[in-house]
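Peer 1: Sharing a structure here in structure tokens format.
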Amino acid sequence: MKVMIAGAGSVGMAIGEDLAAKGYDVIVMEREPGVAEKLAGKTSVELVVGDACEVTSLQNAGAGEVDVMVAATGDDEDNLVISLLAKQEFAVPRVVARVNNTKNHWLFNESWGVDVSVSTPQQLTALVEEAVSVGSLVRLLQFEHGNANLVEVTLASNSPGIGKSISEIGFPREASIVAIIREEHVVVPNPDSILLGGDEVVVLVTEDAEGQIRLLLCGDAS
């Protein structure tokens, strides 16, 4: 698989080197020649000097041959332009974009060519919430396609789901338990699995059904 990463900053290079170590064919584009020159002798990934916001530069770098484009610059406007060009001009199958400012997250969607958007601040917030929240629904990951989210609920002692099997709880069709974390072990769920107090229940659910999940596992639909 061939991956092109736009932006040779700390994020872009970390992704590139990690993917290269796993056997992927990686190209990192960097607009500033000086930055690329400093990195040239310190990395095993292929570095290309060029502006990923320009069609010609992308074409010269081989954007038409990549399977995944990662827009990883520190500028949200650039990442949107890169994503749009990758999808519309080069029909890249998978476009992943970095969101630097959470206020811009709503822009990173299919209309801008983005298949998956990644917001580090939002992810860190979710991890903090997941670590301290008991009895609340915490959104861990948002998927652009299908309007689905990965959410987690740590069952409080008064959860209406405690002592019931998954089949008895009656989850909506738009939701599915994908894992139960119990005493640091992962339990693969099945319809007969009984939920216990303190269980961390990970659910894949559409936004429209999140309220039902809150009601079933937290006792609160708000």
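Peer 1: Is there a residue being of a type in the set (F, W, Y), over 30 Å from A71 (Cβ atoms) and either surrounded by 14 or more Cβ atoms within 10 Å (Cβ to Cβ) or at pLDDT below 70 (or both) anywhere in segment 171-185?
Peer 2: yes
Peer 1: Right, another one. May I ask you to list the residues in segment 87-109 that are crowded, with 17+ Cβ neighbours inside 10 Å, of a type in the set (K, R) and over 12 Å from the mean Cα position of the chain (by Cα)?
Peer 2: Across segment 87-109, the qualifying residue is only K87.
Peer 1: Looking at D67, D51, D76, can you tell me which residue is touching a strand residue (DSSP E or B) at 6+ places or on another chain (Cβ under 6 Å) and of a type in the set (D, E)? Break it down into steps so the answer makes sense when it comes.
Peer 2: Numbers: D51 fails: touching a strand residue (DSSP E or B) at 6+ places or on another chain (Cβ under 6 Å); D76 fails: touching a strand residue (DSSP E or B) at 6+ places or on another chain (Cβ under 6 Å).
None of the other options fit; the residue is D67.
Peer 1: Then there is this: For P160, indicate whether it is under 11 Å from L217 (Cα atoms) and not in a helix (DSSP H, G or I).
Peer 2: Here the answer is yes, as P160 does meet what is asked.
Peer 1: Among G9, G16, which is surrounded by fewer than 18 Cβ atoms within 10 Å (Cβ to Cβ), assigned by TED's automatic domain parsing to the domain that holds Q88 and under 26 Å from Q88 (Cβ atoms)?
Peer 2: G9
Peer 1: Return the residue satisfying two criteria in turn: it lies in segment 195-215 and is crowded, with 17+ Cβ neighbours inside 10 Å and of a type in the set (A, V, I, L, M, F, W, C), and of such residues it is modelled with the highest pLDDT.
Peer 2: L195
Peer 1: Every residue in segment 41-59 that is surrounded by fewer than 12 Cβ atoms within 10 Å (Cβ to Cβ) and of a type outside the set (S, T, Y), please.
Peer 2: At the first step, the residues of segment 41-59 found to be surrounded by fewer than 12 Cβ atoms within 10 Å (Cβ to Cβ) are 41-42, 44, 56.
Result: G41, K42.
Peer 1: Strands (runs of 3 or more DSSP E) wholly in segment 1-90 with at least 1 residues that are farther than 18 Å from V118 by Cβ - which ones? Quick ask: steps written out before the conclusion?
Peer 2: Details: elements: 2-6, 25-30, 46-49, 68-71.
Hits in segment 1-90: 2-6, 25-30, 46-49.
The values are calculated or read from the model by the stated rules, or taken from the named source; none is laboratory data. All values derive from a computational prediction rather than experimental measurement. Glycine gets a Cβ as well: all are built from the backbone with ideal geometry, and neighbour counts include every protein chain shown.
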